[in-house]
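For reference, the structure discussed in these notes is given below.
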Amino acid sequence: MVEPTDQAKRLRLSELLIELVGQRNWSANELAKQLDISPPTARTYLQATGFPTEPNRGKIAELLNITYDELQAELNNEPLEEKQKSVDYACQLARSLSLKDFIRLAETVHQRELQELGQMMRLQLGDSSDPP
């Protein structure tokens, strides 16, 4: 795969940000405020004349409601591997949960992990009976 040029990355980022500000009806100043950057810096991103630092790309990913890896893949014109997409999607969903629902999810996952661990230990010890 051919590595995209810096200009191609700036253009793709610009497209993503223009779409974002259009959807949210933001100005460049509002984008700057959301990213905690100066308005001139936000304009360079929108005009594809500047490229954000890694921390600012992380903030942009959050605003786009995608992971940092997804943003990087998008800018590099690379597909994410299916397993990574699934993990990223699960994380994205988890971040959208209320605290109460997130705690319930964490407890459920933890309980299932304990059950699987118990089953593995029983198999290793040669005990195939189900727990009480």
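A few remarks follow.
- Listed residues ASN25, LEU75, ALA8: farthest to the positive end of the dipole of the range 6-75 (Cβ charges): ASN25
- Straightening the chain between ASN25 and CYS91 buys 21.1 nm, computed as 0.36 nm per residue apart minus the Cα-Cα spacing.
- Toward the positive end of the charge dipole of the chain, with +1 on the Cβ of Lys and Arg and -1 on the Cβ of Asp and Glu, the farthest Cα among GLN115, PRO40, PHE51 is that of PRO40.
- Simple point charges give the picture: +1 on the Cβ of Lys and Arg, -1 on the Cβ of Asp and Glu, and for the chain a dipole about the Cα centre of about 500 debye.
- Distance between modelled label sites at GLN72 and LEU123, nm, 7 Å Cα→Cβ extension: 3.4 nm
- Counting lysine pairs in the chain that sit 8 or more residues apart in sequence, or on different chains, and whose Cα atoms lie under 26 Å apart gives 9.
- Ranked by the mean number of other Cβ atoms within 10 Å of their residues, highest first, the peptides 31-41, 114-124 come out as 31-41, 114-124.
- Residues LEU11 and LYS33, FRET efficiency given R0 of 25 Å [Cβ-Cβ distance, rounded to 0.05]: 0.55
Bear in mind these aren't lab numbers, they're just calculated from the coordinates by the rules spelled out. Computed from a predicted structure; not experimentally measured. Counting neighbours? That spans all protein chains shown, and the Cβs are built from the backbone with ideal geometry, glycine included.
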